[in-house]
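The values are calculated or read from the model by the stated rules, or taken from the named source; none is laboratory data. Just so it is clear, the structure is predicted and the values come from calculations on it, not from any experiment. Virtual Cβ from ideal backbone geometry, glycine too; neighbours counted across all protein chains shown. Protein only, heavy atoms only, side chains kept; ligands, DNA and RNA dropped before computing areas. Shrake-Rupley method; radii C 1.70, N 1.55, O 1.52, S 1.80 Å.
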4 protein chains.
Amino acid sequence: MNARGFASDNNSGVSPEVFRKLSEINNGHVVGYGDDPYTEHAVSLMREHFGPSAYPYFVFTGTAANVLSIATALQPFNSVICAETSHMQEDECGAPERFSGCKLIPVETENGKLKPETVVKHLRGFGFEHHSQPGIISISQSTELGTVYTIEETRQMAELAHSHNMYLHIDGARLSNAAVSLGVSLKELTADAGVDVLSFGGTKNGLMAAESVIFFREEFTRNAKYIRKQSMHLASKMRFVAAQFIAYFENDLWKRNAQHANAMAQKLYQAVKDIRGVKVTQPVEANGVFAVIPENVIPLLQKEYFFYVWDEEVSEVRWMTSFDTAQEDIDGFAKKLHELIG
Amino acid sequence: MNARGFASDNNSGVSPEVFRKLSEINNGHVVGYGDDPYTEHAVSLMREHFGPSAYPYFVFTGTAANVLSIATALQPFNSVICAETSHMQEDECGAPERFSGCKLIPVETENGKLKPETVVKHLRGFGFEHHSQPGIISISQSTELGTVYTIEETRQMAELAHSHNMYLHIDGARLSNAAVSLGVSLKELTADAGVDVLSFGGTKNGLMAAESVIFFREEFTRNAKYIRKQSMHLASKMRFVAAQFIAYFENDLWKRNAQHANAMAQKLYQAVKDIRGVKVTQPVEANGVFAVIPENVIPLLQKEYFFYVWDEEVSEVRWMTSFDTAQEDIDGFAKKLHELIG
Amino acid sequence: MNARGFASDNNSGVSPEVFRKLSEINNGHVVGYGDDPYTEHAVSLMREHFGPSAYPYFVFTGTAANVLSIATALQPFNSVICAETSHMQEDECGAPERFSGCKLIPVETENGKLKPETVVKHLRGFGFEHHSQPGIISISQSTELGTVYTIEETRQMAELAHSHNMYLHIDGARLSNAAVSLGVSLKELTADAGVDVLSFGGTKNGLMAAESVIFFREEFTRNAKYIRKQSMHLASKMRFVAAQFIAYFENDLWKRNAQHANAMAQKLYQAVKDIRGVKVTQPVEANGVFAVIPENVIPLLQKEYFFYVWDEEVSEVRWMTSFDTAQEDIDGFAKKLHELIG
Amino acid sequence: MNARGFASDNNSGVSPEVFRKLSEINNGHVVGYGDDPYTEHAVSLMREHFGPSAYPYFVFTGTAANVLSIATALQPFNSVICAETSHMQEDECGAPERFSGCKLIPVETENGKLKPETVVKHLRGFGFEHHSQPGIISISQSTELGTVYTIEETRQMAELAHSHNMYLHIDGARLSNAAVSLGVSLKELTADAGVDVLSFGGTKNGLMAAESVIFFREEFTRNAKYIRKQSMHLASKMRFVAAQFIAYFENDLWKRNAQHANAMAQKLYQAVKDIRGVKVTQPVEANGVFAVIPENVIPLLQKEYFFYVWDEEVSEVRWMTSFDTAQEDIDGFAKKLHELIG
């Protein structure tokens, strides 16, 4: 039995409902590459949740979802404005640049969230061929720092983008956590708020390896299927990706899992916030808790509960909760932390 | 219950052993991105089968395996000599060119197999900067036409490559079928025959979505991990890819599945070869049967057993068998074909 | 004083008219990057010759012109059908693939000329995401083998392309030679014949380093300027490229130079065709002569007149004439060849 | 006669010495693509100035020089640390990303100059496959803000790079101006200071269209010629690029032109610095003067002397001098500025 920790929501396994669905559809032959009834069903479930303007394309990784979003919506001479802390800027080894040819423009933030006033100074050089043409504003929802954009903040960013003939992209690897945090539907947080293209994740929230790009503009579908194939992410046995999304949406698994993870983050926050020497550094709005703790405590605590240091310089750590975090994990962790700080 | 057909080995589902293994390892947390004990175990099993010079990297699709092979071994100014019928030339929508920058040089073949004499005329322009520098000879094993290279033929191709400071790549999406066809080990057919880099597939032979690149040169491992990440194919929950390969190798599932598929192809061949109006066009060496049949029969037969037309001009069709093809499928198919031609 | 040979029309220097024009405009300051009156004048002269549907963009090399043509007209998931002997397939070190991401499909020819019947079999897989989507048919005019497409042949190729929603591209590094060979205008041979995009060369015909892409579809101009900048071919002191084209068109220098070069090729052909042991292998329609000559003669002849062997296997050589080839060069060369074969 | 302004050093024409040299070598035939005696001579002159470890490759544009530097020294999974104001980040339309696949990391500066302490925080993630691997520190010399790195500052940056197994690149579009500003040789400022790869410009300092990459590591020459060809920058009539560099180095034209331009900038600085309402914002160390002037004056002054606004928000303008700026230009300009503010 593997121990649970707080390193990342992708260190967790797969929800039992997902396994059941995978098993259920594992019979006989169906056509490969997405031309099968399961894929059709999954797409239709997703359009129920995201609205009729949503065109989902399945891929295997979040990096692929981000890259496919960019490469489909833009031309190589465009740029993408994103947070300095965003996954695409920091954690994708330059995959967006290599595959799409586009330039990424990193913007400093306090809490992982772009603001119109920090973005707007990069919206320049339009029509000037020496300058990468700004094409996308990309925000992460929830952010890499566990914070959440409100619907209104999202809409403002969409308006800023559209007023410059640009698109709004959401890296929604953890969109479910954001939606349950705000108590809104997936559609309200995306299609209704003016989002043009979305990386919608499942893997971090109980799926095995299932991510998607959802285009909210029909014109993107003209090229998307070719670009997905070129991006090496067209699954041959697509039904097994589709099945994961069917399980995700059939009984609101996406919501239950995200609610649980978020609730566990709140419990963790409550359990540690008053420990002497612990300073929580970000508002806890989704499923992550960021805190400065005494430097010497870190390695000792990591021996029992694996997690990552976020900023070595200031001894800031990141604790992520997930769909399978248990109350006992929180209790044991807080107790241990308390003991170690002593 | 989905009906079985002869369209492609990737229309099949997943072997029960694979499901069991996935389920077995689905507990608690393990570190993501391949730094887990399951991945280590899978790698070690693969090195038992391919020898100590093998360095496996897991990816999700066969296209990714081919592209990662090229992009790691070569520079963008190199070219790849491959069969006109190869998957990388014909069925990957230009992914190799887009991601690696390399040129593909397609070579005509009679049966999907390159021969030294057809390759050698493309081995020119070395040192001449106007010419894409030949860098890889790529062969498919078994080929897209169901034929198999002998060990000796593989070795000759490796020697041809090496004598020009080039590498030999195998697209081994169906390498297991080739190995059991020849009755040799995976190592004899690759490492021992001089292969430098291999796309080794599992999905077409009973896995869910598990492919790999195996480098047989340690120097390739310097860059491979970065290139895999840039190719968007680093799995976060890697243990679920690794588990598929564990199941594949723990009890010779790879061999049993391939033997079954090949045996079914032989039975199919025996069942149809003497039907009047049927002309088998390629030697049946792996799990595919190619035949010319009366044009009017095709759509009628497809109604009950799905399969693809290979060459419309001459009314040539392709029938693939897989790990789950049953004797009754063969019997029913041959009977139906006989009736329709009748 | 450098000796003249028959190696290539780009071994020649620069026409005096071009020098005079460069010198004439070399005064004071003008805005860089093409926003100057010389560029405007050059563009307007070219639109006189190619018609009002022509949108010229200047670059420095023929390879850049070809790559910019492809990268502007197509997406990376498209393919380009071209002759096996074409410059883009054979002599550009894979630049088209690396920069545009597109696949090149080489087609065998007898004389460097594509024919509808050899092209048509590659026009397939439309809408099928596994297959690079055919996007351009590219022909060389005159060809790398010194042959010329008639207007009618060009129009047929354009119709073939358009009937598949594809474009016709001409690699016109030697378009001037083709036009004077046929006795037609540049417009008749391009815009009027249905050409969509043209690489129009000057360097091989008396300019210093001046090539261009001419788009015959306004929609291509939306992105072309950004793509040229990204291709690293936006000249800062553009006036000196423009000036070359001004000299080229102001007094029909393009035509006079091409006529001279072609005439010299005819003279060369007449002078050598009846020498015993010399077999001219291609019709002499532009400024190149291809011939099989005795193998042992080649190195001896090259000592005095530099030229290239085209096909070592059959001892076939290529002799190119240029705007500065003199009658005495022909006489001396033919005499020497005669002596050596003796 | 075109009026001279202060918009950019590339708005100027070509030095007479360069024209003479181009004319002098324009006779007869020489082999194309750099295999000619003029190129050999130019290379040898450059190695005299830059030392025996210098390997020069000629290209047509500064963007190409930067991109070729990156693409040759690095792999696509590497990153380049550069100033936020650098040409490659700001003015190349994403050409580096598109062609090399690398990520650019822009760093804020006060005066266009990177400092070790602002660079070092980006030197992280080594060996971590999620992170673009830092590969190059790139500095501009002189900078886009008219400032100059001392030899010691250059050496420190080289040491910082080398201590992380990275390379130091200089964008030396205006290296000549920096060298004469410091009164040092080109070799002292590059090879001797630990520079690994250099974009060395000529066009901004009196040449027509001649730029170069100079590698100071022999291992880079293994691939450089292929990458230059793929970058579409291998000149066919290379002798005319080489001739420009011959003229540049034969009689210290590079130095005389740069000295003149720098001296003119000093004169301009002296002439305007005490005008009321003018605030010079950067040290004048090369051939540029940056100043804040009254907003309403800008368009009036531009009518007579063309120049660019650098920062609209604060009404900051950029005035560049060049090899052909005359004393009368300075006098007239200062007088006009005085009048307008007056």
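Miscellaneous remarks
- Here B:SER231 fulfils each of the conditions (1) in the same structural domain as B:HIS29 (by TED's automatic domain parsing); (2) surrounded by fewer than 17 Cβ atoms within 10 Å (Cβ to Cβ) apart from (2).
- Checked against the criterion of being more than 30 Å from A:HIS29 (Cβ to Cβ) and within 14 Å of another protein chain (Cβ to nearest Cβ), the candidates A:ALA271, A:ALA261 yield just one match: A:ALA261.
- Among the strands (runs of 3 or more DSSP E) confined to region A:264-331, the ones with at least 3 residues that are in contact (Cβ under 8 Å) with a residue 12 or more places away in the chain are located at A:288-292, A:316-320.
- C:PHE58 assigned to a helix (DSSP H, G or I) and of a type in the set (Phe, Trp, Tyr): no
- All positions within region D:6-42 that are part of a loop (DSSP other than H, G, I, E, B) and among the β-branched types (Val, Ile, Thr): D:VAL14, D:ILE25, D:VAL30, D:VAL31
- In summary, A:ARG222 fulfils each of the numbered conditions (1) touching a residue at least 24 places away in the same chain (Cβ under 8 Å); (2) surrounded by fewer than 24 Cβ atoms within 10 Å (Cβ to Cβ) with the single exception of condition (1).
- Among the residues making up region A:145-161, a single one is among the polar types (S, T, N, Q), open to solvent by 10 Å² or more (accessible area, probe 1.4 Å) and under 18 Å from A:CYS82 (Cβ atoms): A:GLN156.
- Every condition in (1) within 14 Å of another protein chain (Cβ to nearest Cβ); (2) surrounded by fewer than 19 Cβ atoms within 10 Å (Cβ to Cβ); (3) not in a loop (DSSP other than H, G, I, E, B) holds for D:GLY125 except the one numbered (3).
- A single member of D:VAL278, D:VAL309 is under 22 Å from the mean Cα position of the chain (by Cα), of a type in the set (Val, Ile, Thr) and not assigned by TED's automatic domain parsing to the domain that holds D:SER185, and it is D:VAL309.
- Residues of region B:247-297 that turn out to be charged (D, E, K, R) and either within 18 Å of B:ALA334 (Cβ to Cβ) or open to solvent by less than 20 Å² (accessible area, probe 1.4 Å) (or both), as a count: 5
- With respect to (1) facing another protein chain (nearest Cβ under 9 Å); (2) open to solvent by 20 Å² or more (accessible area, probe 1.4 Å); (3) among the aliphatic types (A, V, I, L, M), the lone exception for D:VAL43 is condition (1).
- The set of residues in region B:89-106 being in a strand (DSSP E or B) and open to solvent by less than 20 Å² (accessible area, probe 1.4 Å) consists of B:LYS103, B:LEU104.
- B:ALA3 touching a Phe, Trp or Tyr at 6+ places or on another chain (Cβ under 9 Å), open to solvent by less than 10 Å² (accessible area, probe 1.4 Å) and not in a helix (DSSP H, G or I): no
- Filtering region B:194-247 to residues that are aromatic (Phe, Trp, Tyr) and part of a loop (DSSP other than H, G, I, E, B) leaves only B:PHE216.
- Summed over region B:312-326, the residues that are within 24 Å of the chain's Cα centre (by Cα) and either of a type in the set (Gly, Ala, Ser) or away from every other protein chain (no Cβ under 12 Å) (or both) give a count of 6.
- Test: residue in region C:12-30 that is more than 10 Å from chain D (Cβ to nearest Cβ) and open to solvent by less than 10 Å² (accessible area, probe 1.4 Å): no
- A residue that is at pLDDT 95 or above and farther than 27 Å from D:ASP91 by Cβ can be found somewhere in region D:255-266.
- In the condition set (1) facing chain D (nearest Cβ under 9 Å); (2) within 30 Å of C:VAL195 (Cα to Cα); (3) surrounded by fewer than 21 Cβ atoms within 10 Å (Cβ to Cβ), C:ALA64 is compliant with all but (3).
- Every residue from region C:128-143 that is part of a loop (DSSP other than H, G, I, E, B) and either away from chain B (no Cβ under 14 Å) or closer than 22 Å to C:ALA191 by Cα (or both): C:GLN141, C:SER142, C:THR143
- In a residue-by-residue description of region C:188-206, the property of being within 14 Å of chain A (Cβ to nearest Cβ) and of a type in the set (A, V, I, L, M) applies to no position.
- The selection criterion, being under 21 Å from the mean Cα position of the chain (by Cα), within 16 Å of A:MET208 (Cβ to Cβ) and charged (D, E, K, R), does not hold for A:ASP91.
- Looking only at region A:298-323, residues that are open to solvent by less than 40 Å² (accessible area, probe 1.4 Å) and touching a Leu at 6+ places or on another chain (Cβ under 7 Å) come to 3 in all.
- The lone exception for D:THR118 - which of (1) in contact with a helix residue (DSSP H, G or I) (Cβ under 9 Å, 6 or more places away or on another chain); (2) of a type in the set (Ser, Thr, Tyr); (3) not in a loop (DSSP other than H, G, I, E, B) it fails: (1)
- Taking region B:168-198 as the range and being touching a Leu at 6+ places or on another chain (Cβ under 8 Å) and open to solvent by 10 Å² or more (accessible area, probe 1.4 Å) as the test, the residues that pass are B:LEU182, B:GLY194.
- So C:THR109, is it assigned to a loop (DSSP other than H, G, I, E, B), surrounded by fewer than 24 Cβ atoms within 10 Å (Cβ to Cβ) and in contact (Cβ under 8 Å) with a residue 60 or more places away in the chain: no
- Test: C:LEU123 is modelled with pLDDT of 95 or more and within 21 Å of C:LEU74 (Cβ to Cβ): yes
- Every pair of residues 6+ apart whose Cβ atoms lie under 6 Å, when the first sits in region A:69-91 and is more than 14 Å from chain C (Cβ to nearest Cβ) and more than 12 Å from A:TYR167 (Cα to Cα) while the second is open to solvent by less than 20 Å² (accessible area, probe 1.4 Å) and assigned to a loop (DSSP other than H, G, I, E, B): A:ALA83/A:GLY112; A:ALA83/A:LEU114; A:THR85/A:GLY112; A:ASP91/D:HIS130
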